[in-house]
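Each remark here refers to the structure printed beneath this line.
The values are calculated or read from the model by the stated rules, or taken from the named source; none is laboratory data. Computed from a prediction, not measured in an experiment: that's the story for all the values here. Because the Cβ atoms are built from the backbone with ideal geometry, glycine has one as well, and the counts that use them run over all protein chains shown.
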Amino acid sequence: MAVMVETDPTGATIVVNGLPVGRAPRKVFLPVTAQGFAKSTFTIKARFVAESSAEHSTTTEVELTPLDRLPSGLLFTRERVVRKR
């Protein structure tokens, strides 16, 4: 199943289970059960790189487990993650 990963600001590096998969916005394909639940645990991170010396680089992450129905999208900000249905 495809999960649309977006970031605000756009362009953050997306990492799935420790492997960089590209920059946001990006569709990430994850295996799911017939009922739409994650087949295993996935950690998805957005790495925001500081654009000036006044900012700090940050990473925001979410963990999806087999108890989670996969969302249609995720919106990462520097402070939090919003799951879209």
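Considering only residues that are free of Cβ contacts under 8 Å to residues at least 24 places away in the same chain and of a type in the set (A, V, I, L, M, F, W, C), look in segment 39-59 and name the one that is surrounded by the most Cβ atoms within 10 Å (Cβ to Cβ).
Ranking the qualifying residues of segment 39-59, first place goes to Ala50.
Considering only residues of segment 65-85 that are in a strand (DSSP E or B) and basic (Lys, Arg), which is farthest from Ala24 (Cα to Cα)?
Across segment 65-85, the extreme among qualifying residues is Arg69.
Quick check: anything in segment 4-16 modelled with pLDDT of 95 or more and touching an Asp or Glu at 6+ places or on another chain (Cβ under 6 Å)?
no
Within segment 25-44, track down each residue that is more than 13 Å from Met4 (Cα to Cα) and either of a type outside the set (A, V, I, L, M, F, W, C) or part of a strand (DSSP E or B) (or both).
Answer for segment 25-44, where residues must be more than 13 Å from Met4 (Cα to Cα) and either of a type outside the set (A, V, I, L, M, F, W, C) or part of a strand (DSSP E or B) (or both): Pro31, Val32, Thr33, Gln35, Gly36, Phe37, Ala38, Lys39, Ser40, Thr41, Phe42, Thr43.
Is it the case, given these coordinates, that Val62 is β-branched (Val, Ile, Thr), buried (at least 17 other Cβ atoms within 10 Å of the Cβ) and either part of a loop (DSSP other than H, G, I, E, B) or touching a Pro at 6+ places or on another chain (Cβ under 7 Å) (or both)? Write out each step before concluding.
On the way: β-branched (Val, Ile, Thr): yes; buried (at least 17 other Cβ atoms within 10 Å of the Cβ): yes; either part of a loop (DSSP other than H, G, I, E, B) or touching a Pro at 6+ places or on another chain (Cβ under 7 Å) (or both): no.
The answer is no for Val62.
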